[in-house]
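Notes for the one structure printed next.
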Amino acid sequence: MLFRRTVLAGFAALALLPLAASAAELPDLGGKSVVVVTENAYPPLQFIDPKSGKAIGWEYDAMNEIAKRLNVKIEYQNTSWDAMIQAVSDGQYNIGMTGITIKEDRKQKVDFSDPYMRSQQFMLVRGDEKRFTDAKSFAEIKDGLVGAQPGTTPFYTAVYEVLDGNEQNPRIKLFETFGATVQALKAGDVDVVLTDGTAGKGYVDASNGALKLIGGPLGTEDFGFIFPKGSDLVAPVNAAISALKADGTLDALNKKWFLDYKMGE
């Protein structure tokens with residue numbers, strides 16, 4: 001089955017996975033309390049609204065709808081990306097969400113939900129950048145610096161698809177949060193940040209021309225929620241994701257957050 005694609009202002013930033021049959025009846029979890037942890041630094045998936053100061057985004061809306069359909073009570077908490085997977089693995093939280101790429105090595109520590117989104121990696125640069133236009137021309141600039149979070153898909157994309165495969169390459173500058181990498185880019189401390197099109201589009205729209213995306217997609221990744229190994233929440237959440245795909249709810253969220261929402265307005 002062909003993937004249904006949502007093209008964001010000319011960027012192939014996201015593609016939904018094939019629609020699955022809606023569950024005839026979702027399980028009722030009886031008002032169970034569930035602690036969900038996130039980073040709040042990945043617009044438009046989850047971030048702090050600069051106007052209201054509230055945490056909002058695509059993943060919040062999706063998780064709230066899942067909670068409603070499964071009859072669970074959600075408590076949201078915040079942590080850094082570096083700490084999240086291990087904290088969920090240790091059982092400190094019931095679910096983790098922050099555009100987490102489904103990877104085989106991560107499955108050794110946590111269980112993943114079914115994919116709820118597919119995204120592609122792009123290069124985010126300053127709006128006046130003229131020295132390079134893609135990964136190849138950037139790699140040829142010996143003093144060009146990449147900002148990334150350790151252990152993330154953008155980090156490994158930078159290492160293996162943009163640079164020389166050396167994870168200790170001094171051209172890679174590490175930051176604790178994705179937001180910090182973008183601030184470093186704006187300040188001129190790094191020259192490029194690798195990001196999926198969803199987050200990159202959000203930052204570009206809010207930058208008033210200070211940022212732009214260049215080149216073609218560097219890789220494709222599927223996003224999923226994470227759980228402690230053996231969690232009994234995986235199957236109910238998967239059933240809810242299936243229902244949200246089948247009834248068009250995810251399509252509506254994509255339109256709301258990737259097409260209609262304008263950061264900073």
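The values are calculated or read from the model by the stated rules, or taken from the named source; none is laboratory data. Owing to the predicted nature of the structure, the values given are computational and were not obtained by experimental measurement. Ideal geometry is used to build each Cβ from the backbone, glycine not excepted, and the neighbour counts take in all protein chains shown.
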Expected single match for basic (Lys, Arg), part of a strand (DSSP E or B) and touching a residue at least 24 places away in the same chain (Cβ under 8 Å) among Lys201, Lys212, Lys245 is Lys212
Asp251 fails exactly one of (1) at pLDDT 95 or above; (2) in a helix (DSSP H, G or I), namely (1)
Output for Cβ contacts, cut-off 8 Å, separation at least six or different chains, first residue of a type in the set (Gly, Ala, Ser) in the range 28-52, second in a loop (DSSP other than H, G, I, E, B), reads Gly30/Asn71; Gly31/Asn71; Ala41/Thr98; Ala41/Thr177
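If you check Lys229 against the conditions, is it of a type in the set (Lys, Arg), closer than 28 Å to Gln92 by Cα and modelled with pLDDT of 95 or more? Even if it seems obvious, please write down each step before you answer.
Details: of a type in the set (Lys, Arg): yes; closer than 28 Å to Gln92 by Cα: yes; modelled with pLDDT of 95 or more: yes.
Spelling it out, Lys229 is indeed of a type in the set (Lys, Arg), closer than 28 Å to Gln92 by Cα and modelled with pLDDT of 95 or more.
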Of the residues in the range 122-150, those that are in contact (Cβ under 8 Å) with a residue 60 or more places away in the chain and closer than 20 Å to Gln183 by Cβ come to Phe122, Met123, Leu124, Val125, Arg126, Gly127, Glu129, Gln149, Pro150
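So if I check each of Lys107, Lys103, which one is without any contact (Cβ under 8 Å) to a residue 40 or more places away in the chain and either part of a helix (DSSP H, G or I) or out of contact with any Ser or Thr (no Cβ under 7 Å at 6 or more places or on another chain) (or both)? Please lay out each step first, then the result.
Values: Lys103 fails: without any contact (Cβ under 8 Å) to a residue 40 or more places away in the chain.
So the residue among Lys107, Lys103 that is without any contact (Cβ under 8 Å) to a residue 40 or more places away in the chain and either part of a helix (DSSP H, G or I) or out of contact with any Ser or Thr (no Cβ under 7 Å at 6 or more places or on another chain) (or both) is Lys107.
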Reported set for the range 74-97 where residues are more than 17 Å from Tyr42 (Cα to Cα), surrounded by fewer than 21 Cβ atoms within 10 Å (Cβ to Cβ) and in contact with a helix residue (DSSP H, G or I) (Cβ under 7 Å, 6 or more places away or on another chain) is Ile74
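Among the candidates Asp143, Asp196, which residue alone is charged (D, E, K, R) and within 19 Å of Phe258 (Cα to Cα)? So that I can check it myself, show each step before the final result.
Working: Asp143 fails: within 19 Å of Phe258 (Cα to Cα).
Unique residue meeting the criteria: Asp196.
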In the range 116-128, anything buried (at least 17 other Cβ atoms within 10 Å of the Cβ) and not hydroxyl-bearing (Ser, Thr, Tyr) is listed as Met117, Arg118, Gln120, Gln121, Phe122, Met123, Leu124, Val125, Arg126
